[in-house]
Each structure stands twice: as structure tokens, then as C-alpha cells.
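K.L.:
The structure's right below; bear with me while I get my questions together.
The values are calculated or read from the model by the stated rules, or taken from the named source; none is laboratory data. Being a predicted model, the structure only gives us computed values, none of them experimental. Cβ placement follows ideal geometry from the backbone for every residue including glycine, while neighbour counts extend to all protein chains displayed.
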Amino acid sequence: MDNWILAVITFFVAMDFAIDTYVNFLNHRSSKKPVAAEIAELYDPSEQKRSVAYSAANYQVSLVSSSLSFLLMILALTFNWFARLDGYLRERFTNEIVISLLFIGVLVLISNVISLPFSIYSTFKVEAEFGFNKSTPLTFVTDLVKGLVLSIVIGGGLLAIVLWIYQELNSTFWIWAWLLFAGFSLFVFMFATKIFLPLFNKLTPIEDGELKSEISRYCDSQGYSLGKLFVMDGSKRSTKANAFFSGLGQSKTIVLFDTLIEKLTTREVVAVLAHEIGHYKRKHTLWMFLLSNLQSFILFALLGWLLSYSALSEALGASVGSFHLSALAFFLLFSPVSTLIGLVNNALSRRNEYDADDFARETYDGPVIASALKKISTDSLANLSPHPLYVAVNYTHPPMLERLRNLAK
Ligand SMILES: [Zn+2]
């Protein structure tokens, strides 16, 4: 009975790796293709070369990193490492909640330790070599420590409550666990830029001047309060330009990176702002938030139903059923569905980007948003000819060429 479950899990893990590797390879090959005629003049030959080299460097890092993770996962499944860790903890602790917390903590720690060298290499070698990195080793380490403390306190705290609910309620646990999860995501959704972002970055109101008056004029025309607009010191970590919208109702916030303001003209910055206000006006963030809660509801319902089968824990080699082993087996079994959900979410997100671009064109200026897009993409050496499959799997924003075509309609 338990062997077929393990076989299915192993098959899914292998399939996931194979598909991912193949799609990455297709994209790598595609990045070397000549760029479409409409945007061919955006890169001169030496920039085109640099863009290809940048894509290739990122491709190599992700190939080595994903191969290592895959290898470790196959070893862990073959040699029952998960069950052994569970057994090791059971010899030393008796409280089920403590065992589950430690088990999950050890796995998270191991995965962080594995990804750390890749993150260091990508920041201080790849990003630095192409002139993007601005992060100092001190900033890097501080970010790491802050992130770790936050995930231990918040992640560990939430997990402990879920485990306690599970112990007390068993079969109906998933409803309460989902409510807790949904409540917390609502909190993060509303207050992340106010509470968590300032731990990592400085947010300041926009400075007086030409840009501010142009922005004021546009915000007034759209009924958007300037008090909900901030400039962030993105230049602390990277030269890449960005902007985003977050929050809901009164907690709405638009953040413009200082690098964006530095690189774009006044009108281009306002066009980017118009795009972000479009996300708010057309309620994209609200719908994506509701959708993700619907998805997590289904996920929790399935988890609640399947956790009662100790066969899931046994499939990973354990002799006693436990929350953490069954949940781990569940998520591995669920991975093809997660992939499909990811495809749908990315497609919806890309549709919203077109919609926000349309809003910026209708309320501000189409050609100006197009020139802002061109600058942001070429400045970050974006791959101008990504493979369609790679786009479907990984892109939350449409490739630049498609956005330009949409804007020209
Ligand atoms: Zn957008």
C-alpha cells in the first residue's frame, strides 16, 4: 500500500524537475535568438551580447541549484531521511507539537543553508558583474538575519497554533486553520508595506519639485491621495528600477523605487504611477487576494481530509502517522496541481498587467508608458525573446514586446 504512494511522489518530483529543466533550457536557447524587428534597435550589438550573457549566467545558477535540490530530494525519499529525522526527534521529545515544529524547522533551515551559497553567488558575482548589485555584505547579512527572525517568530508562531488546533480538533481543524491563514494573509495584504517593508527599506514622501507637481496633477485627476505614495530606497540593494501597488481600501499604498525616478523622465514616472493606480482602480489586487484565499481553502480542505490517513506518513518510511510527515507527503503529491494553479495565476496576473497598461494609456499617455517600459527592460538587460513556455510558467508580467503591441492597439 505505502510503496505506490512513494512511487507516485518520486515520479512527481522527477517530472517536476524534468519539465522545469526543459523549459529553462528552451528559454536559454531562445534568449540567443535574434530579437523581433520592432524592438531590435533597443539593444546595440554589445548590449545584446550582454543581455544574452546575463540570461546565461542566471540560467547556469538556477540549473546547478535546482539539480542539487532535486538530487537531495531523491536521496531523502530513497533513504527515508524524513522518517529518520522524525525518529531521531521522537527519541528526544515527547510533545507532538514540539516534534512537528522541530521537524519543519530543521527542513526549513537545511533548505536555507543550501540556497545561501547560490544567493551569495548571484548577488555578489552575477549581479555585481553586470553592474546591478548595490548590496554590501553588511546589508546582505542584516537582511538574512531579519528575514530569519521574522520567519521564526511569525512562521513558527502560526505553525504552532495550527498544530495546536490540529491536536484539539482533528477532523474540523482545516476550517479553523484556513480561517487563521486567511486572517493573517489579510493582515499582511493590508499592512505589509506599513509594518514589514520599513524593517528593510526607508520609505519617504515624494520630494517637492517638478515631479511632485506633475504627480499631484495626475493623482488629483484620478482622486488618488498623494499621502498614499512613497519613494523607496531600492538603490540600497540594486540599480534595477521598479514600482508596485499594495493594500486595500484605506491601506492602499504605491511605492516608487528611487532608481525609477533617477532613470525615467518626469512624464515616464507619472506613466508608471498611472499603471499602478490602474491596478488599484480596476481592483486587480483585491481579486487576486480573494482568488488566493479560495485556492488555499480548497488546499486546506484536501489537507484536512488526507491528513487522517497515516498511509501518507508511512509512505515516507515512518511507523507512526504524524502531522508533519503526512503534510509533507501531501504537498509533494499535490505538486502537479500547484503547478497548474501557478499557470492560471500567472496568466491572470499577466492579463491584469495589460489592463493596467490600458488604464495608463487611457488616463495618461500610451507612447510615454511604452518608452518607460523600454527603458526599464533594457536597463535591466531583460531577455527580449523569452520562450512562450517559460513565460507561461514563470512570468507574472507579459514580455515587453507583447506589452508594446498591446499599447499600440
Ligand atoms: Zn503592474
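K.L.:
Tell me, which residue of region 36-88 that is closer than 30 Å to residue 405 by Cβ and aromatic (Phe, Trp, Tyr) is surrounded by the most Cβ atoms within 10 Å (Cβ to Cβ)?
P.N.:
At the first step, the residues of region 36-88 found to be closer than 30 Å to residue 405 by Cβ are 36-59, 62.
Subsequent filtering for residues that are aromatic (Phe, Trp, Tyr) retains 43, 54, 59.
On the way: 43: 19, 54: 21, 59: 17.
Result: 54.
K.L.:
Let me ask another. Which of the residues spanning region 157-166 are surrounded by 14 or more Cβ atoms within 10 Å (Cβ to Cβ) and either of a type in the set (Asp, Glu) or within 23 Å of the chain's Cα centre (by Cα) (or both)?
P.N.:
Result: 158, 159.
K.L.:
Tell me the residue from 202, 212, 236, 194 that is modelled with pLDDT under 90 and surrounded by fewer than 18 Cβ atoms within 10 Å (Cβ to Cβ), please. Let's see the steps before the verdict.
P.N.:
Working: 202 fails: modelled with pLDDT under 90; 212 fails: modelled with pLDDT under 90; 236 fails: modelled with pLDDT under 90.
Of the residues listed, the single one that is modelled with pLDDT under 90 and surrounded by fewer than 18 Cβ atoms within 10 Å (Cβ to Cβ) is 194.
K.L.:
May I pose another question? Tell me whether region 323-333 contains one or more residues that are under 19 Å from the mean Cα position of the chain (by Cα) and aromatic (Phe, Trp, Tyr).
P.N.:
Yes, the conditions are met somewhere in region 323-333.
For (1) surrounded by fewer than 16 Cβ atoms within 10 Å (Cβ to Cβ); (2) closer than 16 Å to residue 10 by Cβ; (3) away from the ligand (no atom under 16 Å from the Cβ), each residue gets a yes or a no:
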| position | (1), (2), (3) |
| --- | --- |
| 305 | yes, no, yes |
| 317 | no, yes, yes |
| 322 | no, no, yes |
| 327 | no, no, yes |
| 332 | no, yes, yes |
| 338 | yes, no, yes |
| 343 | yes, no, yes |
| 358 | no, no, no |
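K.L.:
What's the total number of residues in region 133-147 that are over 15 Å from residue 122 (Cα atoms) and free of Cβ contacts under 8 Å to residues at least 24 places away in the same chain?
P.N.:
So the answer is 4.
K.L.:
Suppose we filter region 84-129 for residues that are among the aromatic types (Phe, Trp, Tyr), assigned to a helix (DSSP H, G or I) and more than 20 Å from the chain's Cα centre (by Cα); how many remain?
P.N.:
Let us first name the residues in region 84-129 that are among the aromatic types (Phe, Trp, Tyr), namely 88, 93, 103, 118, 121, 124.
Imposing the further condition that a residue be assigned to a helix (DSSP H, G or I) reduces the set to 88, 103, 118, 121, 124.
After this cut, where a residue has to be more than 20 Å from the chain's Cα centre (by Cα) as well, the list is 88, 103, 124.
Qualifying residue count for the region: 3.
K.L.:
Please give the number of the condition residue 362 fails out of (1) in contact (Cβ under 8 Å) with a residue 40 or more places away in the chain; (2) outside any loop (DSSP other than H, G, I, E, B).
P.N.:
So the condition that residue 362 fails would be (1).
K.L.:
I need the helices (runs of 4 or more DSSP H) fully contained in region 178-288, keeping only those with at least 2 residues that are more than 16 Å from the ligand (Cβ to nearest atom) and farther than 22 Å from residue 373 by Cα. Break it down into steps so the answer makes sense when it comes.
P.N.:
Working: elements: 197-200, 210-222, 258-263, 266-281.
Passing ranges, in order: 197-200, 210-222.
K.L.:
Here is a further query. So how many residues does region 360-389 have that are within 16 Å of the ligand (Cβ to nearest atom) and over 27 Å from residue 57 (Cα atoms)?
P.N.:
Selection size over region 360-389: 9.
K.L.:
Turning to a different aspect of this structure: Within region 1-45, restricting attention to residues that are within 16 Å of residue 383 (Cβ to Cβ) and among the hydroxyl-bearing types (Ser, Thr, Tyr), which residue is modelled with the lowest pLDDT?
P.N.:
Residue satisfying both the conditions and the ranking: 43.
K.L.:
Just give me the residues in region 360-380 being buried (at least 17 other Cβ atoms within 10 Å of the Cβ) and in contact with a Gly (Cβ under 9 Å, 6 or more places away or on another chain), in sequence order.
P.N.:
Once the filter is applied, which keeps residues that are buried (at least 17 other Cβ atoms within 10 Å of the Cβ) and in contact with a Gly (Cβ under 9 Å, 6 or more places away or on another chain), region 360-380 yields only 360.
K.L.:
With 308, 313, 326, 338 as the choices, which residue is closer than 27 Å to residue 184 by Cβ and outside any helix (DSSP H, G or I)? Spell out the reasoning first.
P.N.:
On the way: 313 fails: outside any helix (DSSP H, G or I); 326 fails: outside any helix (DSSP H, G or I); 338 fails: outside any helix (DSSP H, G or I).
From the options 308, 313, 326, 338, the qualifying one is 308.
K.L.:
Further, regarding this structure: Looking at this structure, is residue 344 out of contact with any strand residue (DSSP E or B) (no Cβ under 7 Å at 6 or more places or on another chain) and either among the basic types (Lys, Arg) or at pLDDT 95 or above (or both)?
P.N.:
Yes, satisfied.
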